[in-house]
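Have a look at the structure below before the remarks.
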Amino acid sequence: MPRVVVLDAMNAAFSDASIDPTHADIDTFTLPDPHDRHVAAAAKASGADTIVTHNTRDFPAAELAAHGLRAVTPDEFLVDLLARDHQSRGHGDTRSLRRHAQPAHRRG
């Protein structure tokens, strides 16, 4: 399926999901890979608090925290969701869930 068709279908299905941060918003981020700044700016503009990525090295914790954001791997994100659900159901301890998560490639 051509990319344009897929994008049109996604935009039709999720019309409120498109975020277009300004260059000024993008320029507020200092990341190791400047080509990732739009991702952080879009997350901030959308009101998100988490960026889910396998590329956590290019999203330093201190830089993101200054903007109210954090970066986690997909595995960490899913384990966190499961732990929240586990706790909301009154099951208490979530350490066993968290032991199964793949660690991030970096912390910093």
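What follows draws every value from the coordinates through simple rules; no lab data is involved. Since the structure is predicted, the reported quantities are computational estimates derived from the model, not experimental observations. Cβ sites come from the backbone with ideal geometry, for glycine too, and all protein chains shown count toward neighbours.
Give the long-range amide H neighbours of residue 48: residues separated by 5 or more places, or on another chain, with amide H under 5 Å away, using H modelled in the peptide plane at 1.01 Å from N.
HN-HN under 5 Å from residue 48: empty list.
In Å, the Kirkwood hydrodynamic radius of the stretch 7-50 over pairs of distinct alpha carbons?
By the Kirkwood definition, the hydrodynamic radius is 11.3 Å.
Taking the number of other C-beta atoms within 10 Å as the exposure measure, put 30, 56 in order starting with the fewest.
Ascending number of Cβ neighbours within 10 Å: 30, 56.
Starting from the Cα of residue 67, step 7 Å along the direction of its Cβ; do the same at residue 4; then give the gap between the two resulting points in nm.
3.1
Taking neighbour counts of Cβ atoms within 10 Å as a proxy for exposure, in what order, fewest first, do 29, 14 appear?
Working: 29 23, 14 9.
Ranking 29, 14 by Cβ neighbours within 10 Å, fewest first, gives 14, 29.
Using a basic spin-label model with each label point 7 Å from the Cα along Cα→Cβ, how many nm lie between residue 22 and residue 82?
Those two pseudo-labels are separated by 4.3 nm.
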